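Readers should treat all values here as calculations from the given coordinates under stated rules, not as data from a laboratory. Just so we're clear, the structure is a prediction, and the values are computed from it rather than from any experiment. Here Cβ is always computed from backbone atoms with ideal geometry, including for glycine, and neighbour counts include all displayed protein chains.
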Amino acid sequence: MPRALPAIKAALFVLALLPLARLVLAGTMGWFGGLGANPIELVTRSTGTWTLVFLCAGLAVTPLRRATGLNWLVRLRRMIGLFAFFYAVLHLTTYVWFDQWFDVQAIVQDVIKRPFVTMGFAAFLLMVPLAATSTDAMVRRLGRRWGSLHKLVYLVAVTGVLHYWWHKSGKNDYSEVGWYAAAVVLMLGWRVFDRLKARARG
């Protein structure tokens, strides 16, 4: 484990907050061209995109660790996962507050009628127990069950991509979401291959 790990964690923390800082500065001071003609859409899209970015980054930790031998990378995974949840909370809050104005009936109807909204809520609900059990105390309390529970992150990634994919299907624009889908398929495929290889050895 490198001595610079605390500095690496601090740098990662700052970098992970930059997307939020950009939105705040654009909205309050008009930097980076402001938030455009539809600020709610921009904030919703940005926070959703960064949720997927951090989800993919979290899934990439184990393959990178195995490929490079840098075992300390695993010490960054918790922070990456919590930032994924953080941006998911901002994404959902933007929708519930600024898009729907806390209209519960309208939100329920949206969840029922629009599949991409359904997938978005499903992904968020799956993330809640992961975030709630991310502390050292919960790791010790759950024991082996902790690892089984946190395999939900794979399902979170799939539902998150479906949420984005079905949202883009209305505009017939898959250029960006296709990269996230490819990344998730690649990393899940690596895990399946790695597990099959381990069984073959055993």
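Details
- Proximal lysines relative to residue 197, as straight alpha-carbon distance under 27 Å, when same-chain residues fewer than 8 apart are discounted: 151
- Of the DSSP H helices in the chain, those whose Cα atoms cover at least 30 Å axially and whose Kyte score averages -0.5 or more: 5-29, 39-68, 175-201
- Over segment 5-74, the alpha carbon radius of gyration divided by the compact-protein estimate 2.2 N^0.38 Å works out to 1.42.
- Of the residues 102, 62, 172, the one whose Cα sits farthest toward the positive end of the charge dipole of segment 39-201, with +1 on the Cβ of Lys and Arg and -1 on the Cβ of Asp and Glu, is 62.
- Computed [θ] at 222 nm, deg cm²/dmol, the chain (DSSP H ≥ 4; -39,500 (n - 2.57); rounded to nearest 500): -26500 deg cm²/dmol
- Once C-alpha pairs closer than 8 Å and six or more residues apart are averaged by separation and normalised to the residue number of the chain, the relative contact order reads 19 percent.
- Lys, Arg +1 and Asp, Glu -1 on Cβ, resulting dipole of segment 39-201 about Cα centre, debye, nearest 20: 1200
- Between the C-alpha center of segment 92-121 and that of segment 21-90 there is a gap of 22 Å.
- For the chain, with +1 on Lys and Arg beta carbons and -1 on Asp and Glu, the positive-most of 87, 196, 19 along the dipole: 196
- Sorting 150, 91 by the number of Cβ atoms found within 10 Å of their own Cβ, with the fewest placed first, yields 150, 91.
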